[in-house]
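Take a look at the structure below.
Just so you know, all these numbers are worked out from the coordinates, no wet-lab data involved. Bear in mind the structure is a predicted one, so any value in this text is a computation, not a measurement. Backbone-built Cβ (ideal geometry, glycine too); neighbour counts: all protein chains shown.
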Amino acid sequence: MSIGGHTVNHPILTSLPPAIARREIEQNHACLTRLLGSPPVLFAYPNGKFGQDYRQEHADMVREMGYSAALSTEPGIARGESDLFHLPRFTPWDRSLLRFSLRLSQNLWTHS
């Protein structure tokens, strides 16, 4: 398990002026560093849809803060050639094991 960054107030980054978006990312990074005793290495974009919730400028801000990678909510499977600051992921929102299993299978089938 890992504790990573996610902003201070969970704003949709595209709705903010760049300076405010940067402050959200920086303040969260500083707070987690203080609480954990070491800087977080992973970041998850609030809501996480590229182009809708965050843009390349936000990925650049996250990289500049020293994060090693960042997660979107785009479905898919990360590969060796994946951009480390736009990693896809499987989000387990399903409440039943059957629906979870079906969606996981679909994700693997679609993105393999």
Item to complete: Would you order F90, F85 from fewest to most other beta-carbon atoms within 10 Å of each residue's own beta-carbon?
Response: F90, F85
Worksheet, complete the sentence: Longest principal axis of the chain (C-alpha) makes with the long axis of helix 97-111 (C-alpha) an angle, in degrees to the nearest 10, of 80
Fill in: region 5-20 - phi-based ³J(HN,Hα) in whole Hz, Karplus 6.51/-1.76/1.60, Gly and Pro as x
x, 7, 5, 7, 10, 6, x, 6, 4, 5, 8, 10, x, x, 5, 6
Worksheet, complete the sentence: For the chain the mean separation of alpha carbon contacts under 8 Å (6+ apart) over residue count, i.e. relative contact order in percent, is 21
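Could you rank the peptides 66-75, 3-12, 28-37 by their average count of other C-beta atoms within 10 Å per residue, with the highest value first? It would help to have the intermediate numbers written out before the result.
Details: 66-75: 17.8, 3-12: 16.2, 28-37: 13.6.
The peptides rank, most packed first, as 66-75, 3-12, 28-37.
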Response to the item:
Binned at 5 Å starting from 0, the alpha-carbon pair-distance distribution of the chain in whole percents comes out as 2, 12, 21, 21, 17, 13, 8, 5, 0
